[in-house]
Structure formats: C-alpha cells, structure tokens
Amino acid sequence: MAPATKKIRRRPGAGELAIAQTRDLASVARMLAAAGMSIGGVEAPGACYLTAQIGEEPAGVVGIEVRVDAALIRSLMVVEAMRRRGIGAALVAAARIAAHTRGARMLYAIGSASDAAGYFARFGFAPTAADEMLSALAGTFMADHLREHPEELARIRAWSLDISRDGVINR
C-alpha cells in the first residue's frame, strides 16, 4: 500500500498571480459593480466564479454557467490597474478547465461587439450564432436573461469553442 500524501498548499508570493474558485459572491458582485458590469445572476444556481489575485490584491474575476454539455464564460473582468499582464488570458484558461471538468464539451463566450472583436478569437473561439448559444444554454441565468431582453442580445457577439478533446492524450 502506498503511503498517503498530503497536498501542500502554499500561499502565492507578492506579485504572484493566483486563480481560485470563490464562494464569496458578495466580493464578486462588488468587483463587477465597480467595473460597471451587471451583477444579475451572480447568485444563480450552477454558476461558478473564479477570482484572480496578485499577492493579496484582487486582480479580476470570471464566471461560468454550465448546462449539461455546454458552458458560458460570463462576467470576465480584469481590474483596470492590472490589465496588460496576462490576467485575462489566465482567467479564460481557468474558466476553460472549470467548464471541462464540469462536463462541458462546448464553451461559449459573450461580449460587446466592439470589446470582443478579436479578444476571444485569440483563444481559438469562433463567432457563432446567438440562437445556437441560447439553445445550448437554455435554463442558465444568462441565456434566459438574454432571451427576455432582445435589446441586450442585439448588442453582444457570441463566440464558441469546442473543448470536447481538452485533456485527451493522443498517442
């Protein structure tokens, strides 16, 4: 029998980026509100939020909503003073892993047409029809919200990425 091993968790050092899932939805809501983003659905069942910190300083947040085999990246935000350091990319990568481990095979993202116009493409996302995204994510807070508010849906762009092979080792 192999000896039991302890997982040692060390605290990130000063200036070191750490991303972790959080249950502190009040701090998530405060960060999003401070950035002028919607806090609607932050406490919706099935939502998961990951926060980024550099040392003890909050640096950003991302949420995912999962529905069977599809997930949505929502509420991606990096604190303005922390931008251009790769934090957004690290949050997208962490959201991708979190979605895959929850069974998602397709990952969707939304953003304003101007803001998202290439950001998600950097990570392999391709533009997709909003109807396809809404159908795959029916029952999640954000999909239902966008269906009820077509004026908001008209201002966003939907992106998709096949993550079904994430973690698969090809030999």
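Taken together, the values in this text are just the output of simple stated rules run on the coordinates, not laboratory data. Here the structure is a predicted model, which means the values were calculated and not measured. Cβ: placed from backbone, ideal geometry, glycine included. Neighbour counts: every protein chain shown.
Brief remarks on what is shown
- Each of Arg102 and Ala126 was given a label point 7 Å from its Cα along the Cα-to-Cβ line. The distance between the two points is 2.5 nm.
- Rel. contact order, % - alpha carbon contacts under 8 angstrom, at least six apart, the chain: 19
- Net charge of neighbours whose Cβ lies under 10 Å from the Cβ of Ile54, counting Lys and Arg as +1 and Asp and Glu as -1: -2
- Overall dimensions of the stretch 34-122 by Cα: Rg and Dmax, Å: 12.8, 36
- Whole-Å distance, taken between Cα centres, linking the stretch 21-51 and the stretch 90-130: 18
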